[in-house]
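All remarks here apply to the structure that follows.
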Amino acid sequence: MFVPGLLQVPAYTAALITGLGLRPPDATSLEAVVGARQQRQRLLTRPRPVRLHVLLDESAILRRVGTPGVMARQLEHL
């Protein structure tokens, strides 16, 4: 369980992708993958945002992804 992509801060996304050993396709940089996820998040902040209901398992918040600073930013964002 991890924080859903639409709710991730960029540092959390990067740490998750790197920590899991996932590699973007050769032509795509890690920054591009993180940027694409951030672009999708605009659905939540546009003038007529989509309605999003999230049930988040406690383990997703307790599981450390990246540094303590990354987790602090992620928790503030949530």
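The values are calculated or read from the model by the stated rules, or taken from the named source; none is laboratory data. Keep in mind it's a predicted model, so treat the numbers as computed, not measured. Positions of Cβ are backbone-derived with ideal geometry, glycine not excepted, and every protein chain shown enters the neighbour counts. These accessible areas exclude ligands, DNA and RNA; they are computed on the full protein's heavy atoms, side chains included. Shrake-Rupley method; radii C 1.70, N 1.55, O 1.52, S 1.80 Å.
So the values come out like this:
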{"quantity": "Dipole of the chain, positive direction: furthest Cα of L22, T67, H53, with charges on the beta-carbon", "calculated": "H53"}
{"quantity": "Cβ-placed point charges (K, R +1; D, E -1), dipole of the chain about Cα centre in debye, nearest 20", "calculated": "300 debye"}
{"quantity": "Average projected area [Cα convex hull, the chain], square nanometres", "calculated": "5.6 nm²"}
{"quantity": "Per-peptide average of other Cβ atoms within 10 Å, ordering 55-61, 32-38 highest first", "calculated": "32-38, 55-61"}
{"quantity": "Accessible area of the chain belonging to carbon and sulfur atoms, whole % at 1.4 Å probe", "calculated": "58 percent"}
{"quantity": "Rounded accessible area per residue of the chain, 1.4 Å, Å²", "calculated": "72 Å²"}
{"quantity": "Mean separation of Cα contacts under 8 Å (6+ apart) over length of the chain, as relative contact order %", "calculated": "50 percent"}
